[in-house]
1. What are the ³J(HN,Hα) couplings of the range 306-323, residue after residue, when phi is run through the Karplus curve with 6.51, -1.76, 1.60 and θ = phi - 60°? Round to Hz, x for glycine and proline.
2. Among 239-252, 317-330, how do they line up by average Cβ neighbours within 10 Å per residue, starting with the highest?
3. List the residues, sorted by chain then number, that are 5 or more residues from Gly337 or on another chain and whose placed amide H is less than 5 Å from its amide H.
4. Just to be sure I understand the model, the point goes 7 Å from the Cα along the line to the Cβ. What's the resulting Gln293 to Thr274 distance in nm?
5. Could you please rank Ser171, Ser314, placing first whichever residue has the fewest other Cβ atoms within 10 Å of its Cβ?
6. What residues have an amide H closer than 5 Å to that of Val195, excluding those fewer than 5 places away on the same chain, when H is modeled at 1.01 Å from N in the peptide plane?
7. By how many nm would the segment from Ala350 to Arg26 lengthen if fully extended, with 0.36 nm per residue of separation less the alpha-carbon distance?
8. Got a sec to turn the phi values of the range 25-32 into Karplus ³J(HN,Hα) couplings, 6.51 cos²θ - 1.76 cosθ + 1.60 with θ = phi - 60°, whole Hz, x for Gly and Pro?
Amino acid sequence: MNEKITAALKSNNSLVRRQAIMALSRTTSEDAIRLLASVYRNDPESDLREMAKDAAKQIRERLNEKELKAQQKDPSLPQRPPPARKLEGAEKRRVEKAEEERSANFNLLIFGAIVLILGGVVVAILLGGNIARISDQNQALAQVENALPFVEGQTPFGSSLEGKIYRYASSGANFILLEPKGAPPQQGWTLLAGVYDGKPENVIGGLARRASTENVMLLVPIYSTNDFGTMANELAFALDVVKRNYPVYRNTQTLYGFGVGAEFASQFVVWYPTEFAVASVGNGTSYTPPDLQTGARYIVFAGQNDEVSARATSEFIARLTSLGKRPAQAGVLQGRGIEEIPEQLEATFALINQINAPAQ
């Protein structure tokens, strides 16, 4: 095992230890599993312990897949059925997903009833906007269901690009990628990663529509957990995969988060202080303030009618200002609740275009 990685795991710098765990997670080695087990037992930070645990699980899954392929090639090798625990876990995830869908449908019915009760011209306008947004999401998701497989190193880049949607899935990350149209700009495409409460269907509609208009590459991680350490590991892996296959302009890399996704985004840009030029967050209930190394420019919004998010946003804006990182655009919008905030999208792409201008 690489001695540098072993030494990095013992570093006093948590970011160095995190990067070492990520490096190990991409290997297929029993030695890596043993090192990660030691991190899980001994690291002082709980999120890194969980990250090490998940990384070891990913490696074990890849080793099992490798063994299974070997058995398929040589039937004389002893056959080992998959562990029952894994089957139970998959079944559990299916049940949980079904419960989430039922809950989402119920919430949608309640929302629809409230809209009908409100009535009037204002309601008609709001309802029209909401129907258009949901329609866009459904259209985007229909494309995702029939998405082309994203095979690392075999993307259509270099041929005729048509803004297609791809899906990538591995033990390291699961994400949706919207490929821009045409040839890339000289400096490379702007890459925007969007996280919204861990649910891709809540973000891909609005973001995909605008990303397509702006010819921006959109990356939407698909998470099965709300553990920020695991989410960060998977997003870092996804970013690495995309940048190995496409030309990306580092000066405009953007992380967009809404709700829990905004809270995660504020943490991720601190863990990876040089990864993003723009951090656009909205309607979170708590945020991680940046440190001196954090290079992202912030956009922060919330709706006034969501009191918890409004208070957290006001405090975060004040905190950013006190740290000398005054947001490019920010505010608590009057008369707004937790619905999608178009101003956040407008501000996000305005800042991207402002940064892009000197390179064009």
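Values quoted throughout were computed directly from the atomic coordinates according to the rules given, and no laboratory measurement underlies them. Because the structure is predicted, anything quoted here is derived from the model rather than measured. In this analysis, Cβ positions are derived from the backbone assuming ideal geometry, glycine residues included, and neighbour counts consider all displayed protein chains.
1. Calculated HN-Hα couplings, in order: 9, 4, 5, 5, 4, 5, 4, 5, 4, 5, 5, 4, 5, 5, 4, 4, 5, 8 Hz.
2. Peptide ranking by packing, descending: 239-252, 317-330.
3. Asn305
4. Going from the Gln293 label point to the Thr274 one covers 1.0 nm.
5. Ranking Ser171, Ser314 by Cβ neighbours within 10 Å, fewest first, gives Ser314, Ser171.
6. Excluding prolines and chain starts, which carry no amide H, the hits are Tyr256, Gly257, Phe258.
7. Residue separation times 0.36 nm, minus the Cα-Cα distance, leaves 113.0 nm.
8. Taking θ as phi minus 60°, the curve returns 5, 8, 8, 10, 8, 5, 4, 4 Hz for the range 25-32.
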